[in-house]
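Written below as structure tokens is the structure these notes are about.
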Amino acid sequence: MNDVKSHIERSQIGSRGYALSGLAISAFGVWAVLGPFVGPGEMWTSNFNHVMLSVVPAAGAVLGGMMMLSRGRQVAWIGGLVALAGGLWFMIGPTTYPLWPSGGIGTGPAPGGSVWLAQWIGFLFVTGAVITLLSSYALGFLAS
């Protein structure tokens, strides 16, 4: 009897763990898609690189995060994988973008190199690392 009670308590803690991760992942996804539009340069403009570097992975993160709020473990598992893919693309995309035919990230001209660097770190690399960490954490809960 104690084994059943212990298993139920662990599964409830796990479902809260991946649900909270899903909420946080969705919030970071929204941050990543809206963040580059605010700040120096041309505000509320977009181009191909902005869509590929911010909007597409953010959409994956938000979709995956919302799927992780599901009570079904399989849906939450798939959501975790989608969010993980979005987080990884936030980190891989900026590395490969110089190979693309068009240039620029879509945030407008930055007044200086330090602002440009802060935009890339804050909106792409760190966001991708946090989303990857949270989705991996949630997938670990789902695996048990």
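The values are calculated or read from the model by the stated rules, or taken from the named source; none is laboratory data. Computed from a predicted model, the values in this text were never measured in an experiment. Note that we place each Cβ from the backbone using ideal geometry, even for glycine, and neighbour counts take in every protein chain shown. SASA here: full protein model, heavy atoms, side chains in, ligands and nucleic acids out. Shrake-Rupley method; radii C 1.70, N 1.55, O 1.52, S 1.80 Å.
Some points to look at:
- Lone qualifier among Phe90, Phe28 - being open to solvent by less than 40 Å² (accessible area, probe 1.4 Å), closer than 18 Å to Ala118 by Cα and modelled with pLDDT of 85 or more: Phe90
- Residue within the stretch 47-61 that is closer than 13 Å to Phe141 by Cβ and modelled with pLDDT of 85 or more present: no
- Count of residues meeting criterion [touching a residue at least 40 places away in the same chain (Cβ under 8 Å), open to solvent by 10 Å² or more (accessible area, probe 1.4 Å) and not in a helix (DSSP H, G or I)] in the stretch 51-83: 2
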